[in-house]
Every structure is written in C-alpha cells, then in structure tokens.
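The values are calculated or read from the model by the stated rules, or taken from the named source; none is laboratory data. Given the structure is predicted, the values throughout are model-derived calculations rather than measurements. Every residue, glycine as well, gets a Cβ built from its backbone with ideal geometry; the counts of neighbours run over all protein chains shown. Note: accessible area is taken over every heavy atom of the protein model, side chains too, but ligands, DNA and RNA are not part of it. Shrake-Rupley method; radii C 1.70, N 1.55, O 1.52, S 1.80 Å.
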Amino acid sequence: MWGVFNQPKVVVITGASAGVGRAAALAFAQRGAQVALLARDQASLEDTASQVRELGVQALPIALDVSDADAVERAAARVEAELGPIDVWVNNAMLTAFGPVASLTPDEFSRVTHVTYLGYVWGTMAALRRMAPRNRGCIVQVGSALAYRSIPLQAAYCGAKHAIRGFTDALRCELLHEHSHIHLTMVQMPALNTPQFDWAENHMPHAPQPVAPIYQPEVAARAIVWAATHRRREVYVGVSTIKAIVANKIAPGLLDRYLGRTGYQSQERAAPANAAAPSNLWQPVAGAHRVHGPFDAHANEHSVALWLNTHRPLALGAALAIAVLGWQQCRRRPHR
C-alpha cells in the first residue's frame, strides 16, 4: 500500500543488476512503477529488465558506471525522454574491498570511493536537476549501519557510507532552507545476502561473509519502497542496525575494542580465499548477477524491527493497550 506520496510512476535505481538493486526494481514494478535500471553489465541489466516487464510495466536498462558524472546525467535525460518525469531516484550502486587498510592500493581505495560515494552524489545531482523545477520527487540513499559504525577490513566502504550520510544531511538542510517539497531519505541496512561476497575485491586469507544476523535483499527492497512513499528522514532495517547505531552513540570506545577482537573472524568464512576468483572492482563479473548471495540458509526473510518502524502508530497503540491491561490487572489484585 502506498503511503503519503502519490504512487511513483517512474523510478530510477542504480546498481540494479543484482542484489538489493534488482530486488528493489522488482518491488517497485510489482506496484506498477516504470523502472529505469542503471548498472555496468548490459547482459544482467537485460535479464533484470525482462523480469520487470513480466510484471506488466516498462523497463529501461542503461549500462553505465555511476562514477562517471556525465554518463549519469545522460542517463537521467534519457529516462525522462523515454519514460517520463522521474518520481523516485534510488542510489544503491556500490563496490567494496575487503582487507586491512595497509593491504589496499591507492587505486583500489579511490575506486571504492568514486563508485560508492561519488556515484551517489552524481545520481542525487542528476535527480535534483529534474525534480527541482517541478518541486517534487523523492531521492532514496541506500545506506548501512556502517554509515554510523565502521568495522575493520572495510575501511573504504565504511568511509564512503559515512560520506554519504554527511552529504545527505547537508543537502537536506539546503532543501529545507529552500522550502523544497523534494523528499530526501536514507535507509540504513543490516548485513544482506547479496552476491557481493562472491565477487568483491578481497585481500583476506579467507573468503568474505556478512556479519550475522543476515537478511534477504527483499527485506531491504521493502524498506526502500516504503521510504520512497513515506516522509521519514531515515529508516533503520533490522535490530542489528539499531543496536550498532545506538551502541556507537553510547560507548564507541568499547565497540572499537569489541570489533578489534571479533571483526576479523566474523567477516571471514572457513573456506580459504580463491586467488583466481574474479573481482568486480574494475569490471563487472559476467554471469553472476542475481538477487541472492550464497547465504540463503542463514538469511532472515522478515524483519520485526522494520515492521515496527514502518507501523509506529499500530505498534504504539498495541504497547499502550498492553500497558493499560497490565495496570488494570494490578488494580484488581487484592492488597495485602
């Protein structure tokens, strides 16, 4: 069910060929939106587009690298020319590199930053150029608990997610200053079962894995759709996200020490890394694009925390009802 905004007719999603981006594309399509799909791999985009079209809506696959600001701008112009005015722009494309800072090269660090951070900036700017004259629209930044609480072995990715949050907060203030009706929201994700753990650049001795608890990409997709249609500043997905953000506010030093002890083992599988495994840092990995990663057996399909977050009046009403019933029960007990 759509929320306070009108039903989006045209949605743009970056990183739409796999994982959260592909899941979000299907979720918007199921609700009748035309979807523009932006990512690097043309074949995987065509595959995603065919799934979107099976749901009875239009799909526009555009192969590009989001680190190229001019390419993103051209894509935005093409979307409006072929599908119509953009109602929602979802920034989701990302790259990461696993390993200690000392193991990364400057080029690798720069590459992660240009895609995972600047790709969001270029996408946001392209969306604003079109939404501002109309004074409407929604931009969704797909974030992470790591935008608040960094972990070892992913310094470049954590830095980019922190940068996205800083950029988004600054822009939100500017939009408020201008009395703009454009909505800017950030969805902070937990660990997700996406293919990135099979193709990310890896300098660790073992294959990477998400830090449990793990959620399926469809949970993230539901949060993105909700955020795009409700006026909420941020949406937290998963209890683990809430715990990480709150704990970092209360006791960041303790969390530093805890992650120093546990952050390595929790991100490595038992299996050793395959030195011949392809990396998607510079080029997409052909034939490996799908919604789910290799952790289906351990991934949650639902998030109670997300449901409570997106049903606050109902949750609050239930809590008050329970409190009142408890109070009444206490009053009925005989006093000794």
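Conditions tested, residue by residue: (1) closer than 20 Å to ILE86 by Cβ; (2) surrounded by fewer than 19 Cβ atoms within 10 Å (Cβ to Cβ).
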{"residue": "ALA160", "(1), (2)": "no, no"}
{"residue": "GLY166", "(1), (2)": "no, yes"}
{"residue": "SER180", "(1), (2)": "yes, yes"}
{"residue": "MET189", "(1), (2)": "no, no"}
{"residue": "ASN193", "(1), (2)": "no, no"}
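Of the candidates ALA145, ALA160, ALA170, the single residue that is touching a strand residue (DSSP E or B) at 6+ places or on another chain (Cβ under 9 Å) and not aromatic (Phe, Trp, Tyr) is ALA145.
Residues in the range 31-56 that are crowded, with 20+ Cβ neighbours inside 10 Å, in contact with a Gly (Cβ under 9 Å, 6 or more places away or on another chain) and more than 20 Å from ASN280 (Cα to Cα): GLN34 alone.
Among the residues of the range 109-140, those that are under 17 Å from VAL10 (Cα atoms) and of a type in the set (S, T, N, Q) comprise THR124, ASN135.
The set of residues in the range 273-300 being open to solvent by 50 Å² or more (accessible area, probe 1.4 Å) and more than 25 Å from ALA49 (Cβ to Cβ) consists of ASN274, ALA275, ALA276, ALA297, HIS298, ASN300.
Answer yes or no as to whether PRO8 is open to solvent by less than 20 Å² (accessible area, probe 1.4 Å), part of a loop (DSSP other than H, G, I, E, B) and at negative phi. So PRO8 fits the description; yes. Selection of the range 110-149 for residues being in contact (Cβ under 8 Å) with a residue 60 or more places away in the chain, more than 21 Å from ARG233 (Cα to Cα) and open to solvent by 10 Å² or more (accessible area, probe 1.4 Å) yields only ARG111. Within the range 76-87, residues that are over 12 Å from LEU64 (Cβ atoms) reach partners that are at pLDDT below 95 and surrounded by fewer than 20 Cβ atoms within 10 Å (Cβ to Cβ) with beta carbons closer than 9 Å, at six or more positions or on different chains, in the pairs ASP87/PHE5; ASP87/ASN6; ASP87/GLN7. Tell me which residues, restricted to the range 253-272, are open to solvent by 40 Å² or more (accessible area, probe 1.4 Å) and in contact (Cβ under 8 Å) with a residue 60 or more places away in the chain. Of everything in the range 253-272, those that are open to solvent by 40 Å² or more (accessible area, probe 1.4 Å) and in contact (Cβ under 8 Å) with a residue 60 or more places away in the chain turn out to be GLY260, TYR264, ARG269, ALA270, ALA271, PRO272.
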